[in-house]
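Q: Okay, here's the structure, questions in a sec.
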Amino acid sequence: SGGENENGWPEKIRYGVLPGEEDSELSRAHELFVKDMSEELGIEVELFQGEDYNAVIEAMRSKKLELASFGPFSYIIAQERSNAVPIAVRAISEEDATYNSWIVVPDESDVQSLEELEGKSILFADPASTSGHLFPRGIFIEELGITNDEVESYFSSVSFSGSHDNSILAIAAGDADAAGVCSTCVERAVKGGLVSESDFRIIAESDPIPSSPISYRGDLPEDLVEAIKEFIYNYDNEEFFEQAGDKDSRYIPVDESNYEIIRKTAESLNMSPEELLSQ
Amino acid sequence: MSRDGNVYPLNAQESDNEIAIKPKKDLFTRGVFAFGAVFFLFCLYQLNIDYSNLLAGTVDFITMLGEMFPPDVSEWKYVIPAAIESLQVAILGTVIAVVISLVLAFLAAENLAPNNLVASIVKGFATLMRVIPTIIWALIFIVAVGLGPLPGVLAIAVHSLGMLIKVFAQSVEEMDDGKIEALRASGANWIQIIAQGVIPTVVTALLSWTILRLEIDIGESTILGLVGAGGIGWELTRAMRSYDFNAAFFIAMVIFVMIFSVEMLSNRLKLKV
Amino acid sequence: MNPILQVENLKKVYSDGTVALNNINFEVHPGEFIVVIGPSGAGKSTLLRCINRLVEPTSGDVVFKGKKINKIGARQVKQVRREIGMVFQNFNLIDRLSVVNNVLHGRLGYTGTIKGALGLFSKKDIAEAEEILERVGLSKQKYKRADELSGGQMQRVGISRALAQRPRLILADEPIASLDPASSKIIMDHIFTICKEDKITAIVNLHQVDVAMKYATRIIGIKSGEVIFDGQPSHLTKNIIDEIYSNAKQPLVNAQ
Amino acid sequence: MNPILQVENLKKVYSDGTVALNNINFEVHPGEFIVVIGPSGAGKSTLLRCINRLVEPTSGDVVFKGKKINKIGARQVKQVRREIGMVFQNFNLIDRLSVVNNVLHGRLGYTGTIKGALGLFSKKDIAEAEEILERVGLSKQKYKRADELSGGQMQRVGISRALAQRPRLILADEPIASLDPASSKIIMDHIFTICKEDKITAIVNLHQVDVAMKYATRIIGIKSGEVIFDGQPSHLTKNIIDEIYSNAKQPLVNAQ
Amino acid sequence: MNMIQELKKRKRLQILLLFFFVTGLTIWSAIGTNFSFYEVFSGFGLISNFVFLDLLPPDIAASGTLLEAILETLYMGFVGMVVGALIALVLSFLAASTTTPHPVVQVIVRAFTSIMRNIPGLIWALILVASYGIGVTVGTLSLILGSVGFLTRVFADTLEEIDTGKIEALHATGSSYFQILAQGVFPQFFPGFIAWSLYNLELNIRASTIIGMVGGGGIGFAIQKGIKLFQYKEVSMAIVLVLILILSTEFLTSKIRERII
Ligand SMILES: Nc1ncnc2c1ncn2[C@@H]1O[C@H](COP(=O)(O)OP(=O)(O)OP(=O)(O)O)[C@@H](O)[C@H]1O
Ligand SMILES: Nc1ncnc2c1ncn2[C@@H]1O[C@H](COP(=O)(O)OP(=O)(O)OP(=O)(O)O)[C@@H](O)[C@H]1O
Ligand SMILES: [Mg+2]
Ligand SMILES: [Mg+2]
């Protein structure tokens, strides 16, 4: 399977798709994308969809995967661990290519500002979530002027719910005093009828977070990378974009520099890839 | 050696005037139960469960199950092939595990193992296989063979191996040693004893364990979808993430039907064998 | 005539310290039909098992056809074992296999590993097994599963399996202890007649002194791991019997 | 003297069509010790089970102490059953319970549901159970677990359980078929003596004609579901025995 | 004679058919899953890199924080086992053909517990989180559901294997239904009850390594957190702790089984 053909290209391109946390849903659209790409490049493209980014990062690292779409935080880890290079994000415009983290509280809560959360319980999504842990934590550090290590003692309890859905459900039920969640996830949960807008209030919002990039493995032949980029930047199959969430969206070029903010946030939380992977 | 037809005198034998000692009530069993009860309360205390939530939650739980009704079958074109893929992962994983454990189990059974050391080593190996969660196995095999159903097959095979070695060995150990001894006494060697004596004796047990494991593996393979192994697990997550509970219910039903039909099959087979 | 079996200073101490046999000496000549009697726990089973090395003797020698078999390797043990048939109290048949297949197990020692494992026995072996079954009156049952038989029939299969080994010596460990009187008689008759006809030497453990008296050409009485009688049945007096079974529940004869 | 049991035109057809009993008629008078003989499959077990309604008769009547018991409801069946003790070939003791507890099971029919379920028997019942155990020579074993006993001892517990019911009638279905000759004799002696002493009527199924002859006050011979002999043991000639067991392997007497 | 051989032939044919059926299924599955021995064996180098460089050695320093998690796992597993066993005890008497009051009840209970058993724990956990919120309640509840499903089945099977002769013997003494259940059935059932319940404890401990992340807490959470943050050596330490816990429960339960049965 790791074989190459005459021009040094791999026999096939394997593309691993992780749903970004800002994505509306796990979409079937990628099958179409993969088909079009295969026709365009004249090379077999195989699609793998899952939810576990460890699997995708490890597969790319052991050269079992050529292309992958990561979440923002998993991308910076993949860059370090699997030599991933970002190509593009799907968005309507450059401004739209971001989303936010919110700090939400139950609607009936008295809390109006971040300061009032001292001694209360706080819920994050999961430890590796960009908008459900890294950025909300970043907000506390920045806005409250505490250090990363002080976060645990500032609140009465800091726990992880496992997902944005669980977090917002807990807020709606009043099981926690506050939670850090991603804006798009909450909007989606409201649309899906899981919670209602009147169940919670937003008391803080983070800086824009760059969306999930499609990336390639850094050691691919240059001409192949060019061909892939060419295809992705010009891709305009409306059927695909409609299924993927918005028919007006397209793939917009990104590069490493777009993710500097993630790297910086991670560093301030002692969660930089270097630190995590150095054990 | 009385050969006469006299009625044997009653009360003569064994009833010496010794008094039967009433055994202390089974202290061990009582102790275990008392300890179990105390430990149970301790666990409850430690877990600090919110009981007030329990009733309301149960109502929610039932409403939620109600809301999932009726199942939404419109996605069957995606769901059924995904289900078949999961089934294939489970079948192949189980078959591989059965083949390998059929060799190792005989080394792990104390009445057949060349010596106790070998038996303990194989059993220890089996426990390790079982303790490492399937998800970790999947990760290990993804590193080796990439994404797709294949790492799922291998993860399931290795994890099942851990259980099958243990239960197969147990079935063999429960076997009447006399039967093994009888073949040994006729000069049969180790392999002959296993093939002609042990396997025919324990075949029903092996079969029902295998089928039970297949049921478990179908369940496991549905979870493995999440790590990029494809299959019905991904479909289920998709439905749950789009809050499409009716579709999720349909998928859960498909999973149920798959496992239940294996269970039915096993009941049929048990009658036959 | 050379003895077929010599037991010399045989001693067996189990790992838990039980002295099951202590300084046992006797010789067995071809054609003898020896019955070993003794109370429960006397060491009868241990003695038989030491002879075919299902139990490893602690010290002393077992000499079979002039060869010391307590000093030989695993491979040779198998060769010796196939010349010694064994019949068990619990029959020890493989339940789910057919009667004839169980009998063919007696040929495993003469069959290659793979063929034996797959149950591919030679035509000759099969024909012989069927002949043996005919001899013990089980032709009609030969394709039945072993667990479909009555106890007496099972033991006849057990005997057939031993015979299939074409043994020089048959060891039988309480072959009738699990059987009703009617079947017991049939079984003892079979063992006795076949051994006589085929000139097979036999050592049979029994609990029932009366049965022992009826069949044995020689009786060995064991108590607490030692031989305390060895001679013709006619020499076994009531006193000796009492001594053998004293301090032990006397085996009572049947309710006739 | 009124008969304690009358069996009239009794017929039993099993659901698969097997006619196990066909037109059985006899009367049993208090104090009789009846042995039922017949080849395997003759219907002996079915007959006993019809008497205490473990098997539902197809037609005909069973009259116990003047009451037709094949026409009564479930509640009354229990009352009739507790007056009829039953002894089984396989003893059917509850292994993990103590000997005395097994005997006390005979008192369940007289004990309240809850008390019985919890095993809270009255002092009187316990004293009586211990007395019965003493009678069969098991005082020393009374606190042992039932599965720690030998076969013969287990059957003595089985008899004790039946006696604990203070029965008017004891049914015993091949009580000695699983026992060695010595234990068999002990068991038959116990059943016989106790029934005589306590004036309990007994119906015992047996395979062994010789044993039947020794104990029975009356023998009933069954073949293919029909009574073909009913009379005193002395009237049971060799010809009749042959007829009963013809087309069936004759039970051979013991190897003496 | 002929008939017997005929039967034997048919039986042999059946076995042969079964064999081909299973082989066919296996090949079909191998094709469907792109199975290739070549890939499996050529991946061994990568596996050993991953195992020896990334997973090993376990990070002993992490054991302090993990200890609390593993205890929580034990608590959840034990509560799940006890509650599950008690519920299953009642249900199994309804579900076994030997003790059920009515065949319809038997079918309903069997189907009901089959649903509990056959829907994977992870799915239960998702639904339960939506109803009960997050926290150990959900983890414990999903263990209880799994335990009830599993134990009801094995208990019922045990009940069906009970020697009916012994039950008949109690019938013959004139005992009532509940007396027979308590005095005849239960003592025979007891060893199986204990053995299976203890085995279920082991299953629960292992299951909680999976359900941890959905708000269940315990070592499962620690394992999944470790994986997500690439602290693989911490993960392997957690697995070592689970191994120790399982081995000690196995040891303890085998001692208990030996003594009680
Ligand atoms: N594997 C063993 N380990 C320890 N002691 C044993 C073992 N097998 C037998 N023994 C002991 O050795 C002694 C002799 O036992 P053996 O079985 O040879 O007696 P036996 O004469 O055959 O008795 P039975 O008539 O009850 O079969 C007994 O005290 C017995 O408890
Ligand atoms: N539950 C049943 N269903 C169908 N047929 C049965 C059943 N029980 C017994 N039979 C048949 O009824 C006939 C009489 O059986 P029964 O057990 O009463 O004979 P028996 O004289 O006790 O034999 P044995 O000496 O072997 O115990 C036999 O042909 C037997 O196969
Ligand atoms: Mg012995
Ligand atoms: Mg009968």
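Q: Once the Cα atoms of helix B:52-67 and of chain B are each reduced to a long axis, what angle between those two axes, in degrees from 0 to 90 to the nearest 10, is obtained?
A: 60 degrees
Q: What aspartates and glutamates sit close enough to C:K124 to cross-link, taking a C-alpha to C-alpha distance under 17 Å and skipping anything fewer than 8 places away on the same chain?
A: Partners found: C:E134.
Q: Just to verify a number: FRET efficiency for A:E260 and A:E187, C-beta to C-beta distance, R0 = 30 Å, to 0.05?
A: The pair A:E260/A:E187 has a calculated efficiency of 0.70.
Q: Am I reading the E/B interface right? What is its buried accessible area, both sides, 1.4 Å probe, to the nearest 100 Å²?
A: 6000 Å²
Q: Would you jot down the residues in region C:177-191 that end up with at least 30 Å² less accessible area in the complete protein assembly than in the chain alone, with a 1.4 Å probe?
A: Those are C:P181, C:A182, C:K185, C:I186, which lose 30 Å² or more relative to the chain on its own.
Q: If you don't mind, another one. Strictly over 27 Å apart at the Cα level, which of D:K78/D:K123; C:K78/C:K214; C:K214/D:K140 would you flag in this model?
A: Values: D:K78/D:K123 23 Å; C:K78/C:K214 33 Å; C:K214/D:K140 36 Å.
C:K78/C:K214; C:K214/D:K140, as the Cα separations exceed 27 Å there.
Q: Which FRET efficiency, nearest 0.05, do E:L56 and B:V118 yield, Cβ-Cβ r, R0 25 Å?
A: E(calc), rounded to 0.05, equals 0.50.
Q: In a Gaussian network model over chain E where Cα atoms closer than 10 Å are linked, find which of E:V138, E:V40, E:V148 has the largest mean-square fluctuation.
A: E:V40
Q: Separate question: For the pair D:N9/A:I202, report the inter-label distance in nm, with labels modelled 7 Å from Cα in the Cβ direction.
A: Using points 7 Å along Cα→Cβ, the separation is 9.3 nm.
Q: Can you list, shortest first and in nm, the gaps between the label point of C:G231 and those of its counterparts in the other copies, using a point 7 Å from Cα in the C-beta direction?
A: Result for C:G231, in nm, nearest copy first: 5.1.
Q: So, one more: Which aspartates and glutamates does A:K64 reach when only Cα atoms under 18 Å apart count, and residues fewer than 8 places away in its own chain are ignored?
A: Straight-line reach from A:K64, under 18 Å: A:E4, A:E11, A:E44, A:E46, A:E51, A:D52, A:E80, A:D219, E:E39, E:D54.
Q: 7 Å along Cα→Cβ for the label point: how many nanometres lie between D:S246 and each equivalent label in the other copies, listed shortest first?
A: Nearest first, the other copies' label points are 5.5 nm away.
Q: Separate question: Give me the net charge of D:F192's neighbourhood, meaning all other residues with Cβ under 14 Å from the Cβ of D:F192; Lys, Arg count +1, Asp, Glu -1.
A: Around D:F192, the charge tally is +3.
Q: Once the label point is placed 7 Å from Cα along Cβ, list for C:K196 the distances to the corresponding points in the other copies, in nm, shortest first.
A: 4.0
Q: Which net charge results for the neighbourhood of D:V35, defined as the other residues with beta-carbon distances under 13 angstrom from its beta-carbon, given Lys and Arg at +1 and Asp and Glu at -1?
A: -2
Q: Next question, about the same structure. Residues of region A:149-176 that become at least 20 Å² less accessible with every protein chain present than in their own chain isolated, using 1.4 Å: which are they?
A: Going by heavy-atom accessible area, the residues of region A:149-176 that drop by at least 20 Å² are A:F160, A:S161, A:G162, A:D165, A:N166, A:L169, A:D175.
Q: What pairs from D:K142/D:K185; B:K179/C:K68; A:K120/E:K225; D:K11/D:K67 go past 25 Å between their alpha carbons?
A: Distance filter (> 25 Å) returns B:K179/C:K68.
Q: Under the Cβ-under-4.7 Å rule, which cysteines of the protein assembly as shown stay unpaired?
A: That list is B:C43, C:C50, C:C195, D:C50, D:C195.
Q: Going by Cα centres, region A:67-119 and region A:140-154 are how many Å apart?
A: Cα centroid to Cα centroid, the span is 19 Å.
Q: What is the distance, in nm, between label points placed 7 Å from the Cα along the Cα-to-Cβ direction at D:A177 and at C:V19?
A: Output for this residue pair reads 4.6 nm.
Q: Roll a 1.4 Å probe over the protein chains and send me the accessible area per residue for the protein assembly as shown in Å².
A: 41 Å²
Q: In region B:75-272, carbon and sulfur make up what percent of the accessible area (probe 1.4 Å)?
A: Reported share for carbon and sulfur atoms: 70 percent.
Q: Modelling each spin label as a point 7 Å along the Cα-to-Cβ direction, I'd like the B:L102/A:D236 distance in nm, to one decimal.
A: 6.1 nm
Q: Between the helical axis of C:181-198 and the dominant principal axis of chain C, each derived from Cα atoms, what acute angle in degrees is found, rounded to the nearest 10?
A: With both axes taken from Cα atoms, the answer is about 80 degrees.
Q: Rounded to the nearest 0.05, what FRET efficiency do D:N239 and D:S150 have when you use their Cβ-Cβ distance and R0 = 35 Å?
A: So the FRET efficiency works out to roughly 0.35.
Q: Also: Going by a ≥ b ≥ c, the root eigenvalues of the Cα gyration tensor, does chain C fall in the rounded group (a/c under 1.5), the prolate group (a/b larger than b/c) or the oblate group?
A: Oblate, because a/c is 1.5 or more while a/b does not exceed b/c.
Q: Mind checking which aspartates and glutamates have their Cα closer than 18 Å to the Cα of B:K123? Skip sequence neighbours fewer than 8 apart in that chain.
A: B:E110, B:E173, B:E174, E:E202, E:E250
Q: Now for a separate question. Just need the relative contact order of chain A here, percent rounded to a whole number, with Cα pairs under 8 Å and 6+ apart.
A: 28 percent
Q: Sticking with this one: In whole percent, what relative contact order does region E:109-261 give with Cα contacts below 8 Å and a gap of six or more residues?
A: RCO, region E:109-261: 25 percent.
Q: Measure nothing but the geometry: give the 0 to 90° angle between the long axis through the Cα atoms of E:63-95 and the longest principal axis through the Cα atoms of chain E, rounded to 10°.
A: The answer is roughly 20 degrees.
Q: Specify the residue with the greatest mean-square fluctuation among D:A202, D:A172, D:A182, computed from a Gaussian network of chain D linking alpha-carbon atoms under 10 Å apart.
A: D:A182
Q: Once the piece of chain linking E:L13 and E:F251 is laid out straight, how much longer is it, given 0.36 nm per residue of separation minus the C-alpha distance between them?
A: Numbers: separation 238, 0.36 × 238 = 85.68 nm, distance 4.50 nm.
Once the chain is fully extended between E:L13 and E:F251, it gains 81.2 nm.
Q: Taking chain E as a Gaussian network, Cα atoms linked when under 10 Å apart, which of E:F37, E:F21, E:F155 shows the biggest mean-square fluctuation?
A: Of E:F37, E:F21, E:F155, the Gaussian network model singles out E:F21 as fluctuating most.
The values are calculated or read from the model by the stated rules, or taken from the named source; none is laboratory data. Since this is a predicted model, take the numbers as computed values, not measurements. Every residue, glycine as well, gets a Cβ built from its backbone with ideal geometry; the counts of neighbours run over all protein chains shown. Calculation scope for accessible area: heavy atoms of the full protein, side chains included, ligands and nucleic acids excluded. Shrake-Rupley method; radii C 1.70, N 1.55, O 1.52, S 1.80 Å.
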